[in-house]
Structures are given as C-alpha cells and as structure tokens.
1. Wrap a convex hull around the Cα atoms of the stretch 63-124, take a quarter of its surface area, and give that in square nanometres.
2. Going by how many other beta carbons lie within 10 Å of each one, how would you line up Leu75, Leu111, fewest first?
3. Counting other C-beta atoms within 10 Å, which of Ser125, Ser69, Ser16 has the fewest, and how do the rest follow?
4. Give the order of Glu41, Glu133 when sorted by the count of other beta carbons within 10 angstrom, beginning with the fewest.
5. Along the Cα-to-Cβ line of Lys120, 7 Å from the Cα, sits a label point; which residues in the stretch 59-93 have backbone N less than 16 Å from it?
6. For Phe105 and Glu41, FRET efficiency with R0 = 35 Å and r from the beta-carbon atoms, rounded to 0.05?
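Just so it is clear, none of the values below were taken in a lab; they were calculated from the coordinates. Only a predicted model underlies this, so the values are computations on that prediction, with no experimental measurement involved. Methodologically, a virtual Cβ is constructed for each residue, glycine included, from the backbone with ideal geometry; neighbour enumeration extends over all protein chains shown.
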Amino acid sequence: MKEIGVVNTITGNKASVTIKRHAACGDCGACAVGKEKMTMETTAQNGIGAKAGDTVEVEMQFTNIMQASMIAYGLPLLMFVIGAVVGFYPINTLFGTPENPITAFATGTLLTAITYIAIKFADKSGRFSNGFEPIITNVINNGN
C-alpha cells in the first residue's frame, strides 16, 4: 500500500510523516482518522535520507498489513473462542458445576483482555517496531 505524505521531523533514521486522507478511504475508519480529520501522522523508516518538508511516497507491504491485522484482531478473537470453550467445559467439570454460558463468556473475555494487554506490552517493548513500520521509498518533491 503506497501513500503520499509530507515529512514533519527527522529523528535518526525515522521520520514523522503527515499523510492526507484520500477519497478511497471512505468512512472505513481503519486508521482512526474519521470524517472530521483529513490527515494522520505516522512514523516511517527513512532509509533514503528524506528531509523535513519533503513530499514523499510511503509504503507498507501488504503482508505486513495482514500480519498486523492478525495480531490486532485475529489473535484476540482466537483467544476469546479458546477462553469460552475452556470456560464452558473444563472449568465447569473441574468444579462440578453445571455448564454455564456466563462462565464461558467471562473466561473468554478475560483471556481476550489478557491478550490485548500482552500485545500492548510487546508493542511498547519494540517487538513489532521494525516489521510493521512504513518505509519512505521515494522523495517526490523537495521541500526546499
């Protein structure tokens, strides 16, 4: 996926880039821009030496987008299903209580919350930083 943006600041080999929302975005809201905000800011790898004020092409590989989606949505969903199954059968059998869908829901929700917390800690520790960051691939127009 390629986008066009303007470099705001440079920090080491990373650049803060403002990307304009385009018509194809519609109202999907995937980037949390929404209708009221027409731009979003992201951090991109700056291996080509773009400078502040440059208009650049920013790219993120489709496979990285899919992997990030699986981590953010697929993994918590899987953990919810596993938690619900464990909460419905083994926990009730272990404690000798009748099967209860509320226990299944609570266990699934708890496991989902734990998964989101683990993803957040992994992200803050830098585990996902390089693989899922966009890359500046081309300087379209120098800002000078």
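1. 4.4 nm²
2. Placing the least packed residue first, the sequence is Leu75, Leu111.
3. Details: Ser125 9, Ser69 12, Ser16 17.
Ascending Cβ contact count within 10 Å gives the list Ser125, Ser69, Ser16.
4. Numbers: Glu41 10, Glu133 15.
The order, fewest Cβ neighbours first, is Glu41, Glu133.
5. What the label zone holds, given the 16 Å backbone N cut-off, is 72-73, 76.
6. It comes to 0.40.
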